[in-house]
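What follows draws every value from the coordinates through simple rules; no lab data is involved. On a predicted model such as this, the values are computed, not experimentally measured, just so you know. Virtual Cβ from ideal backbone geometry, glycine too; neighbours counted across all protein chains shown.
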Amino acid sequence: MSGKHDRYCHEMLAHTGFVILGGGMPRELRPDLWATRFNEGTDASVFMPRAERFLIECRARMFFAADLAGVGEVRIAAKAEHRLAERIAELTGRTVSNLRAIRTLFEFAPAPKVEKLPEGIPEYPSRARTEALEAQGLEVDPLYGTKLDPRGKQRQGIA
């Protein structure tokens, strides 16, 4: 069990009324708990499968998804919605946009599925598949329903 994430969640809910998960925000908000972002990510891989149940036990009543400037999409568990975007902005110093309620902590929008791919596109995940889908101007993989990552090439050193 990840005692550091347990502690992070307990203390954030007690002091701020919300918990931000994802995007390296736990490490940014509590650098005393993790030496590096890698350490926080490793701990998160143990904590996340049980995160929703744990947060409900800690009195988190609502779940949200939001976009934080410079971070991307994060998940938020909160006790109350009142001034949530303002409170997050005050704590993190980042602009909060597209704050929306979700039913579960890891709820994702269903993507449209197709039965057959256009000719010339491999059916297995690969760099060639992503490039072929991008060339057709698609933003969502039609078979898997996942969003294409425009930054993926930069991270892999391709662009």
| message | Starting from 0.36 nm per residue, how many nanometres of slack lie between Ala69 and Phe38 once their C-alpha separation is accounted for? | response | 9.1 nm
| message | What's the ranking of 69-80, 85-96 by average number of surrounding C-beta atoms within 10 Å, highest first? | response | 69-80, 85-96
| Label-reachable residues, region 3-18, where backbone N falls under 19 Å from a point 7 Å from Arg50's Cα toward its Cβ | 3-13
| query | Once Rh is set to the Kirkwood radius over Cα pairs, what Stokes-Einstein translational diffusion coefficient, in µm²/s, holds for region 1-91 at a temperature of 37 °C and a viscosity of 0.692 mPa s? | reply | 250
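In square nanometres and to one decimal, what's the mean projected area of the convex hull around the Cα atoms of region 4-55?
Values: hull surface 12.8 nm².
Spelled out: convex hull of the Cα atoms, projected over all directions, averaged, 3.2 nm².
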